[in-house]
Amino acid sequence: MRDHNLARAVTIVLSVLFGLLLLLALAFGLLGGKYSPLTDADVIGTWHGNRGARLEVLAGGRARLSDASGWECSRGERPGVFTGEGSWTLGHPSDENPGILLKFSPDGTPSVQECTDWFLLNGTGKGGTTGDGSDVRATFLDYRPGAVELFRRAATG
């Protein structure tokens with residue numbers, strides 16, 4: 001009977017420890033970078049870049065990027081300005097700010113060419129004086145050096 005109680009106590013302790021480790025992994029985004037503190041409302045809207053690009057993040061997981069330059073994913077060796085349609089999902093790279101993962105095909109390229117990049121947000125726009133989302137800043141992870149574009153979301157309120 002004593003061995004049975006000891007085995008039961010060990011099982012309970014191990015279960016509690018496993019549960020705590022799982023919660024910590026989720027809290028720190030260690031499970032494949034899929035957890036994000038963002039919601040759809042934090043990212044849906046029109047984003048304007050300080051170099052002329054525009055990103056429309058639409059409900060239902062669709063996105064439209066126009067007049068983007070400085071991308072690693074461009075036509076040929078020379079960076080070009082391009083426009084494309086695609087999709088997005090919420091996410092959180094393990095060593096970066098949370099954001100959305102964009103997948104799109106630039107206009108004028110074969111449909112098999114797909115560009116993938118993280119659009120990383122700094123803040124959620126829920127704080128500050130207006131809370132309308134316009135104070136959120138964002139940028140793409142894979143811009144060419146020296147070509148980084150800083151995006152700001154149009155007011156949503």
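Per-structure values
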quantity: Residue check for G84: open to solvent by 60 Å² or more (accessible area, probe 1.4 Å), farther than 20 Å from A155 by Cα and either at pLDDT below 85 or in a strand (DSSP E or B) (or both); calculated: no
quantity: Meets criteria (closer than 18 Å to P37 by Cα, modelled with pLDDT of 75 or more and either among the small types (G, A, S) or not in a loop (DSSP other than H, G, I, E, B) (or both)) for L65; calculated: no
quantity: Flag for D107 being modelled with pLDDT under 90, open to solvent by 50 Å² or more (accessible area, probe 1.4 Å), over 17 Å from F151 (Cβ atoms) and not aromatic (F, W, Y); calculated: yes
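Residues are listed down the side, and each one gets a yes or a no for (1) surrounded by 13 or more Cβ atoms within 10 Å (Cβ to Cβ); (2) at pLDDT 70 or above; (3) not hydroxyl-bearing (S, T, Y):
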position	(1), (2), (3)
R8	no, yes, yes
L22	no, no, yes
K34	yes, no, yes
D40	yes, yes, yes
I44	yes, yes, yes
G49	yes, yes, yes
E56	yes, yes, yes
R75	yes, no, yes
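The values are calculated or read from the model by the stated rules, or taken from the named source; none is laboratory data. Since we're looking at a predicted model, the values are computed, not measured. Reconstructed Cβ throughout: ideal geometry from the backbone, glycine too, with neighbour counts over all protein chains shown. Just the protein is used for accessible areas: all its heavy atoms, side chains included, with ligands, DNA and RNA removed. Shrake-Rupley method; radii C 1.70, N 1.55, O 1.52, S 1.80 Å.
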